[in-house]
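Colleague: The structure is given below, and queries will be raised subsequently.
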Amino acid sequence: QVQLVESGGRLVQAGGSLRLSCAPSGRTFSRYVMGWFRQAPGKEREFVAAISWSGSSTDYADSVKGRFTISRDNAKNTVYLQMNSLKPEDTAVYFCAAEDITRYSGRYSEPTTYEYWGQGTQVTVSS
């Protein structure tokens, strides 16, 4: 069964904004390190953003710095990715990922760090 569910992906014009959400399915992740990754056709899955369990620390891929913001609302068990000034090169399937802080070890930018994944949501940016 899918343990994380992403939503919010759709077609948007370049320069527009979009907010993705990630919610648990059957489990909470209030004390989980959370990350967003994306994968375009024919390309490897790449790191987009990550946030600590408390929400006090975040980091981003260079390609999205200044445009994307990751946040979390632990009371709602939801993680968000606010995407502004979207570009056609942002087109990809976006995945949410989570790892319990008690098992977290490694680099937050590596997909193998995360145990739980969603099925992905498609974001398409037209030019």
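The values are calculated or read from the model by the stated rules, or taken from the named source; none is laboratory data. These numbers come from a predicted model, not from an experiment. Glycine gets a Cβ as well: all are built from the backbone with ideal geometry, and neighbour counts include every protein chain shown. All accessible areas refer to the heavy atoms of the entire protein, side chains included, with ligands and DNA or RNA removed. Shrake-Rupley method; radii C 1.70, N 1.55, O 1.52, S 1.80 Å.
Colleague: Hey, got the dipole for the chain? About the Cα centre, +1 on K and R Cβ, -1 on D and E Cβ, debye to the nearest 20?
Modeller: With Lys and Arg at +1 and Asp and Glu at -1, about 260 debye.
Colleague: Please give the peptides 104-113, 14-23 ranked by average Cβ packing (other Cβ atoms within 10 Å per residue), highest first, as a rough proxy for protection.
Modeller: For the peptides 104-113, 14-23, the packing ranking is 14-23, 104-113.
Colleague: Here's something else I'd like to know. Taking 8 Å as the Cα distance limit and 6 or more residues as the minimum spacing, I'd like the relative contact order of the chain as a percentage. Kindly include the intermediate steps, with their values, before the conclusion.
Modeller: Details: 309 pairs, mean separation 45.8, N = 127.
For the chain, the relative contact order is 36 percent.
Colleague: Also: For region 71-127, what is the Kirkwood estimate of the hydrodynamic radius, computed as the reciprocal of the mean inverse distance between distinct Cα atoms, to one decimal in Å?
Modeller: Evaluated on region 71-127, it is 13.4 Å.
Colleague: Leaving out same-chain residues fewer than 8 places away, which lysines sit with a Cα under 20 Å from that of LYS65?
Modeller: Reachable lysines: LYS87.
Colleague: Using the per-residue mean of other Cβ atoms lying within 10 Å as a proxy for protection, in what order, highest first, do the peptides 53-64, 91-102 fall?
Modeller: 91-102, 53-64
Colleague: Is region 17-79 best put as rounded, prolate or oblate by its Cα gyration tensor, with a ≥ b ≥ c the root eigenvalues, rounded for a/c under 1.5, and otherwise prolate when a/b is larger than b/c, oblate when not?
Modeller: In terms of gyration-tensor shape, prolate.
Colleague: So for the chain, Kirkwood radius off the Cα pairs, Stokes-Einstein at 37 °C and 0.692 mPa s: how many µm² s⁻¹? If you can, show how the numbers build up before the last one.
Modeller: Working: Rh = 14.4 Å.
It diffuses with D of about 228 µm²/s by this estimate.
Colleague: Expressed in nm to one decimal, what extension gain is obtained for the pair THR28 and GLN13 from 0.36 nm per residue of sequence separation less their Cα-Cα distance?
Modeller: Roughly 2.0 nm would be gained on extension.
Colleague: Could you tell me the center-to-center distance, by alpha carbons, between region 108-127 and region 1-65 in angstrom?
Modeller: Between the Cα centres of region 108-127 and region 1-65 lies a distance of 6 Å.
Colleague: Next up: Carbon and sulfur: what percent of region 31-77's accessible surface (1.4 Å probe)?
Modeller: The C+S portion of the solvent-accessible surface of region 31-77 is 44 percent.
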